[in-house]
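*Asks:* One structure, as structure tokens, below. Some questions next.
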Amino acid sequence: MQYLNDMNRALDYIENNLQGKTDYEKIAQIACCSVYHFQRIFTFITGITLSEYIRRRKMTLAAFELQNSTIKVIDIALTYGYESPEAFTRAFQNLHGITPTAARSKGVSIKAFPRISFQISIKGVSEMNYKIVEKEAFQVYGIEGIFDTKDGGNLKAIPEFWLEKLNNGECANLVKSSGYPSTVNSLCQYRKMDGTIFPYMLCVMKTPLSNTAGYTVVDIPKSTWAIFVNEPHNIEDTSKAIQDLIARVYTDWLPTSNYELVEGYEFEMYYSDFNGKCYEETWVRVVPKN
């Protein structure tokens, strides 16, 4: 329950500070996690990005002010953290479909996006297959990319990153460098970066046979891992399948489990079975709750 309490405290802060610029670092601090982690969890749980949620709440309150006051549009724009009336108008029109000036007319239709809160939802739709495993420290290495969770850009950019490296032969070269039959997996949150930026690596396990020249090497500390696996599926469904699996870890398992998440070093492991179907695992570090 502490997990949900922290998330709701962060939402309280957001609601009380919709005017002015958004302090993402403060939001994450209240939720007891990094900016990257909070934005990621928020998107998994709500289905929209944190920045889009804040934008919708700002525009909801701005519409109320426009309809119930004579405050100038430019002053309302500045109140809600927009440096120009043009930027404010674009954001307002994207949500309401009309300009701020038109919103002052009697009888116009505007939208209200209500505040959300996080609660446990007992779904019971399908089981989750997982195991708790303790592993000694090990190393991985591979091809690094830098991505941004802002506006959910990473959800599109990472699949494109995979496709690029598969098509240009870099993934094949990475497998070859390992010196043994291996599969390219991925790792994120392995070093801290500012704000919404995070590193993501296509990686293989490092062994004495590996040739790591030109690649980034990462030391994985001794940890307890919760390892989740999804159901076999067609290869074209891989991106959605792994994102759905990770989302269920945060929305279905973590709030009700006897474990707490330890940030950092989150793996996505990719496999195929004898029938040509694909399936994935996601590995997250955990500790038992006190």
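*Asks:* Report, to the nearest whole %, how much of the accessible area of the range 79-219 belongs to carbon and sulfur atoms, 1.4 Å probe, protein only. Working shown, then result.
*Replies:* Numbers: 4300 of 8340 Å².
Of all accessible area on the range 79-219, carbon and sulfur atoms account for 52 percent.
*Asks:* List the pair-distance distribution P(r) of the range 126-229, using every Cα-Cα distance, as the percent of pairs falling in each 10 Å bin from 0 up to the bin containing the longest distance, rounded to whole percents.
*Replies:* Histogramming the range 126-229 at 10 Å steps yields 13, 38, 37, 11, 0 percent.
*Asks:* Under 18 Å from a point 7 Å along the Cα-to-Cβ line of LYS277: which residues of the range 221-244 have their amide N that close?
*Replies:* Those under the cut-off are 228-244.
*Asks:* Here is a further query. Does the range 57-173 classify as rounded, prolate or oblate by the C-alpha gyration tensor (a ≥ b ≥ c root eigenvalues; a/c under 1.5 gives rounded; else a/b over b/c gives prolate, otherwise oblate)?
*Replies:* Numbers: a/c = 3.23, a/b = 1.97, b/c = 1.65.
Prolate shape, in that a/c is at least 1.5 and a/b is the bigger ratio.
*Asks:* Quick one: order GLU164, GLU231, GLU144 from most to least accessible surface, probe 1.4 Å.
*Replies:* Numbers: GLU164 95, GLU231 115, GLU144 60 Å².
If we order GLU164, GLU231, GLU144 from most to least accessible, we get GLU231, GLU164, GLU144.
*Asks:* If each of LYS111 and THR70 carries a label point 7 Å out from its Cα toward its Cβ, how far apart are those two points in nm?
*Replies:* 3.1 nm
*Asks:* Shifting gears a bit: Name the shape class, rounded, prolate or oblate, that the alpha-carbon gyration tensor gives for the range 210-270, where a ≥ b ≥ c are the square roots of its eigenvalues, rounded holds for a/c under 1.5, and otherwise prolate holds if a/b is larger than b/c and oblate otherwise.
*Replies:* On the way: a/c = 2.82, a/b = 1.21, b/c = 2.33.
Oblate is the answer for the range 210-270, as a/c is 1.5 or above yet b/c matches or exceeds a/b.
*Asks:* With +1 on each Lys and Arg Cβ and -1 on each Asp and Glu Cβ, how big is the dipole of the range 21-78 about its Cα centre, in debye rounded to the nearest 20?
*Replies:* On the way: 8 positive and 5 negative charges, 16 e Å.
Approximately 80 debye in magnitude.
*Asks:* Taking only protein heavy atoms and a 1.4 Å probe, what accessible area per residue, in Å², does the chain have with all protein chains in place? Could the numbers behind the result be given before it?
*Replies:* Values: 15270 Å² over 290 residues.
Per-residue accessible area for the chain comes out at 53 Å².
*Asks:* Suppose each label sits 7 Å from its Cα in the direction of the beta carbon; what would the ASP23-LEU209 distance come out to in nanometres?
*Replies:* If labels sit at ASP23 and LEU209, their model points lie 5.4 nm apart.
*Asks:* Any idea of LEU4's accessible area? Nearest 10 Å², probe 1.4 Å.
*Replies:* Its accessible surface works out to 10 Å², give or take rounding.
*Asks:* Relative to the Cα centre, what is the charge dipole magnitude of the range 157-269, using +1 at the beta carbon of each Lys and Arg, -1 at the beta carbon of each Asp and Glu, and rounding to the nearest 20 debye?
*Replies:* Rounded to the nearest 20 debye, it is 460 debye.
*Asks:* For the range 6-38 and the range 202-244, compute the distance between their C-alpha centroids and round to whole Å.
*Replies:* Each part reduced to its Cα centre gives a spacing of 30 Å.
*Asks:* Where does helix 2-16 land angle-wise versus the long Cα axis of the chain, in degrees 0 to 90, nearest 10?
*Replies:* Helix 2-16 and the main axis of the chain meet at about 30 degrees.
*Asks:* For Rg/Rh (Cα atoms, Kirkwood Rh), which listed value, (1) 0.96; (2) 1.01; (3) 1.04, comes from the coordinates shown?
*Replies:* Correct label is (3).
*Asks:* While we're here: Ranked from highest to lowest mean number of other Cβ atoms within 10 Å per residue, what is the order of the peptides 58-65, 276-283, 127-134, 82-89? Kindly include the intermediate steps, with their values, before the conclusion.
*Replies:* Numbers: 58-65: 20.6, 276-283: 18.0, 127-134: 11.2, 82-89: 15.0.
The most tightly packed comes first, giving 58-65, 276-283, 82-89, 127-134.
The values are calculated or read from the model by the stated rules, or taken from the named source; none is laboratory data. Values in this document were obtained by computation on a predicted structure and should not be read as measured data. Using ideal geometry, Cβ is built from the backbone for each residue, glycine included, and neighbour counts are taken over all protein chains shown. In case anyone asks, the SASA skips ligands and DNA or RNA and just uses the protein heavy atoms, side chains included. Shrake-Rupley method; radii C 1.70, N 1.55, O 1.52, S 1.80 Å.
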